[in-house]
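The values are calculated or read from the model by the stated rules, or taken from the named source; none is laboratory data. Computed from a predicted model, the values in this text were never measured in an experiment. Every residue, glycine as well, gets a Cβ built from its backbone with ideal geometry; the counts of neighbours run over all protein chains shown. The accessibility values were calculated without ligands, DNA or RNA, using every heavy atom of the protein model including side chains. Shrake-Rupley method; radii C 1.70, N 1.55, O 1.52, S 1.80 Å.
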Amino acid sequence: RYKNAEFAADLAQVARGEGAYEYRDPVEFFARTYVTEGMAGLLEQALRRVTGGAGGEPVIQLKTAFGGGKTHSMLALYHMMRGTVSIDKIPNVKPVLKRAGVASLPRCNVAVLVGTALNPTKSRRPNNLPGITINTLWGEMAAQLAESAGDLKIYDIIKESDRKGVSPGSATLKELFDACGPCLVLMDEIVAYAKKIWGRTDLPAGTYDNLITFIQEITEAAS
């Protein structure tokens, strides 16, 4: 028997290794997921991009009605791209690999940015990332990518921008992506995050204007 709350996928919770097993475990997740044509198209585009194939989109904006499956689709990307599971264990994804012209699942460095899970009023000092203090959305992204890549020096690329709360610019973000590619950045509930810093100039996370500039710069860097 399910509680209604268990049908609400939480990307940030899964990234922390928490929440229902059905969402956390990639094999269980795909065993319970019907890969729709829309999801298959999303996964195919991502596979083409990270493997250097033709036609892969660098930036994809998911637009659905409330409850339309945005978070579920991002969870599918998260589990497929981290290289933690064999394709033989998630057979319903095999047709997607065939469409993308890929023989096996790639291994990407992944960052998950969920606006409702982040607190812009506090700096964060992760226990597993010694010497790193995270303030901004771009600092959070860089720290996660550095951790995933196993090279904490990658964070230093945007360290000053994170400390000062100023968006680092597309050239610096491209340098970051080049240092840890192939990589995948999943962003959810960013409007909620923006609302929390609207009109504030005294937060470690920086200003609303810098956040909007970062969104523009990251799309340019990825492209």
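Of the trypsin sites (Lys or Arg not before Pro) found in segment 18-82, the ones in coil according to DSSP and having at most 15 other Cβ atoms within 10 Å of their Cβ are 32, 63. In order along segment 69-85, the phi-based Karplus estimate (6.51 cos²θ - 1.76 cosθ + 1.60, θ = phi - 60°) of 3J(HN,Hα) comes to x, 4, 5, 4, 5, 5, 5, 4, 4, 4, 6, 6, 8, 7, x, 9, 9 Hz; Gly and Pro are listed as x. Between amide H atoms placed 1.01 Å from N, distances below 5 Å from residue 114 occur with 188, all of them 5 or more places distant or on a separate chain.
Per the Debye calculation on segment 101-195 with a single equal scatterer at every Cα and no solvent contribution, log₁₀ I(q)/I(0) for q = 0.15, 0.19, 0.23 Å⁻¹ amounts to -0.58, -0.90, -1.27. For the chain, the residue among 130, 92, 207 whose Cα projects farthest onto the positive side of the dipole built from Cβ charges is 92. Which angle from 0 to 90°, rounded to the nearest 10, does the C-alpha axis of helix 37-50 make with the longest principal axis of the chain? Result, in degrees: 60.
Ignoring ligands, DNA and RNA, how do 183, 108 rank by accessible area with a 1.4 Å probe, largest first?
Working: 183 35, 108 0 Å².
Result of the area sort, largest leading: 183, 108.
Calculate log10 I(q)/I(0) of the chain for q = 0.12, 0.13, 0.15 Å⁻¹, where I(q) comes from the Debye formula with a single equal point scatterer on each Cα and nothing for solvent. The computed values of log10 I(q)/I(0) come out as -0.66, -0.78, -1.03.
Exactly which chymotrypsin sites (Phe, Trp or Tyr not before Pro) in segment 115-205 are in a DSSP loop and have at most 11 other Cβ atoms within 10 Å? Walk me through the numbers on the way to the answer.
Working: sites: 138, 155, 177, 193, 198; in loops: 198.
Those that pass, being in a loop and sparsely packed, are 198.
For segment 1-156, what is the relative contact order in percent, using Cα pairs closer than 8 Å and at least 6 residues apart in sequence?
Details: 162 pairs, mean separation 30.2, N = 156.
The value is 19 percent.
The overall shape of segment 44-108 is oblate: from the C-alpha gyration tensor, with semi-axes ordered a ≥ b ≥ c, the ratio a/c is 1.5 or greater and a/b is no larger than b/c.
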